[in-house]
Structure formats: C-alpha cells, structure tokens
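Everything on this sheet refers to the single structure shown next.
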Amino acid sequence: MDIQKIGIVGAGQMGNGIAHVCALAGYDVVMNDVSQDSLDKALALIDRNIERQVSRGKVSAEDKADALDRISTTLRLTDLGSSDLIIEAATERETVKQAIFEDLLPHLKPETILTSNTSSISITRLASRTDRPEKFMGFHFMNPVPVMQLVELIRGIATDEETFAACKAVVDKLGKTAATAEDFPAFIVNRILMPMINEAVYTLYEGVGNVKSIDESMKLGANHPMGPLELADFIGLDTCLAIMNVLHDGLADTKYRPCPLLTKYVEAGWLGRKTQRGFYDYRGEVPVPTR
Ligand code: NAD
C-alpha cells in the first residue's frame, strides 16, 4: 500500500516531532489537536527545529519551505478522513485513545492504516475496539523524534503482514531503524527504561541520594547521556507514571509499583519540562533541582 498522506492526532511533544520528520520525508501531513494553542506551538517548534537543521547544513532552505508547506493543522478530527495512515500521539490514557479512534472511524477510507504512538498500552486491545484490527499496529517513536533513530513497530495479535510492511516502508523512508516488539506491556524500550527511572525516583524518595547526586551518578558512573530524573522530566512525569501503571496492572508484579513520590509530582502538576517544573525547576536561567 502506498502511503502519501499521514494524519497525526495530538500535537504535543511527540506529535510535532512526528509531523516534522514525516513532512521532511515528503509526506503530506494533517495534524490534529483539541487545543489550538498546542497546534500553534507545534508549528512554531517545527519551524524552529527544522531551521536548526538548515543552519547545520543538514537540510536545505528549499526543503524546509517544502516541508512546512506540506503540514496543515486542524481542530476537527474529521479533516484526517482522507489520510492513508493515522498516527495517534495524544495523551497516554486509554480512554482518550479509544475515543479518538471511535470518532475517526466513520470518516476513514476502508484501507486507511491506524497506528498508535502509545508507550505502553495494549495494541491488541486498542485495535479490538476498531472495525479494522488487522490494519492496526503500534508505531512507537522515541523522544525527540527528529534526533532518535529508533522506531518500535508493534504488531497486535490480528495485525496483517501488508500493514506491517506498509509501516516498515514508512520507517525506511523516514531514514529511521525499525525494531519489532511483541505486544506486551510497554514493549521493549519502556519495559527496560521505565523501571530504571522508577527506581531512581525510589532512590530519591528513600533519601539514598538527591536529584543532583542521582543524575550525576548515572551520567558519570554508568555513562548515561542524561541522568534518569532529567530524562523523566524530558519524557513527562505523567507519561512515566502512566507507563508504570500499565506495567503494574498488565504484569501484576509488585516490582513495577509506581513510586509514591512520582505520583505526588504528577498530582502537583509538576510534569517535567513541559510544565516548567518536575524533578528540576526550569523557570530560571538554569535548571534547579527541586529536592
Ligand atoms: P503531550 O502531553 O506533550 O501531548 C499530548 C497532546 O495530545 C496534547 O497537545 C493534547 O492537547 C493532545 N490531546 C489530548 N487529547 C486529545 C484528543 N482527544 N484529540 C487530539 N489531541 C488530544 O504528550 P506526548 O509526550 O507528546 O505523548 C503523546 C503520546 O506519545 C503518548 O501516548 C505517549 O505515551 C507517547 N510517547 C511519549 C514519549 C515521550 O518521551 N514523551 C515517547 C514515545 C511515545
């Protein structure tokens, strides 16, 4: 199946990056969000991020202009009806994602492929609520999308080979590398990464270290490019908590219990960089640890 037009639902941290790479690769992109502010910010960010690539000589000014021309935005989900491929990248909550697919279905072409960028939610369960479980799969980009090389492709139990091949061809055209994961909670990357981040929050909660010592220890002692708490802020603490809950519920093992301190930060609305405060406070010139 030849994919030309991609509909992206959710214009947050991930949606804007997905729109950026798809438009640069030559796809027509329609981006939807429930918030006009999110759409405006996403467009401004895409412009800024591609401009950075232009200044580094990685993208020509002409390709930038063409890519921006290929992106349109809309508050109406129905405007995504003519897409060949849908990539859903809205908030990590199953009810939100289910409602989006339910609202989209009556407007789609029968051959449109549905995918979700979910970090953890069952692809099989999301697919089972649609009219096309065989044309549904997980399309999991990493953050920041323009920089990170990997895309996890996750087949639901019913996903057919034609759908997988079409999505794999998109990953190839984006110049990225696909890894296939089975549809179990949090797939591969987050199954391994999130318990480590959660353990870092426990280490903070129990007073073994503070924000600075924990992040420095993992950067200098384990050669991680970012400390786990810095990374949690980058991902979004609400997303981290949602993934831990999916692991805990889905695998029924107490080793995945979310740290109460992570829950507390989310309850406070301190969600990390996107709200200017998380394990660090980003409102000043330099990030300041909050504990
Ligand atoms: P975000 O909070 O930055 O953005 C979510 C966006 O979805 C917001 O702009 C919000 O307005 C919009 N939204 C909410 N309900 C909607 C609806 N009904 N219709 C349309 N738009 C709606 O979140 P994010 O970090 O971009 O994460 C989005 C998805 O990507 C989640 O499923 C998350 O698990 C996944 N993901 C996140 C990361 C990461 O590092 N943050 C990495 C890989 C995958």
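The values are calculated or read from the model by the stated rules, or taken from the named source; none is laboratory data. Quantities reported herein were computed from a predicted structural model and do not represent experimental measurements. All Cβ positions, glycine included, derive from the backbone under ideal geometry; neighbour counts span all protein chains shown. The protein model used for the area step is the full one, side chains on, heavy atoms only, and it has no ligands, DNA or RNA in it. Shrake-Rupley method; radii C 1.70, N 1.55, O 1.52, S 1.80 Å.
Quick look at the values:
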quantity	calculated
Sorted peptide list for 95-105, 271-281, criterion being average Cβ within 10 angstrom, highest first	271-281, 95-105
Segments 216-229, 118-131 sorted - mean Cβ within 10 Å per residue, highest first	118-131, 216-229
Loop-located GluC sites (Glu not before Pro) in the stretch 140-190 whose Cβ has at most 15 other Cβ within 10 Å (DSSP)	Glu182
Cross-link pairs beyond the 23 Å C-alpha cut-off, checked among Lys173/Lys219; Lys176/Lys212; Lys64/Lys173; Lys5/Lys109	Lys173/Lys219; Lys176/Lys212
Label point at Leu251 placed 7 Å out along Cα→Cβ; residues across the stretch 185-205 whose backbone nitrogen lies under 20 Å	185-204
R0 of 25 Å, Cβ-Cβ distance Ala158-Lys5: FRET efficiency to nearest 0.05	0.55
Percent RCO, i.e. relative contact order, over the chain, from Cα pairs under 8 Å lying at least 6 residues apart	13 percent
Enclosed volume per residue, in Å³, of the convex hull spanned by Cα atoms of the stretch 164-208	86 Å³
Accessible carbon and sulfur surface of the stretch 5-181 relative to its total accessible area, %, 1.4 Å	50 percent
The chain - share of DSSP beta bridges that are antiparallel (%, nearest 5)	25 percent
Set of aspartates and glutamates with alpha-carbon distance to Lys168 below 14 Å, sequence-local pairs under 8 removed	Asp2, Glu152, Asp160
The chain - accessible surface per residue (Å², probe 1.4 Å)	46 Å²
Cα-derived Rg over Rh, computed across the stretch 5-181 with Rh taken as Kirkwood radius	0.95
Mean Cβ count within 10 Å, highest first, over the residues of peptides 23-35, 250-262, 72-84	23-35, 72-84, 250-262
Cα centroid of the stretch 191-267 to Cα centroid of the stretch 126-161, whole Å	25 Å
Label-point separation, Leu150 to Lys212 (7 Å along Cα→Cβ), nm	3.2 nm
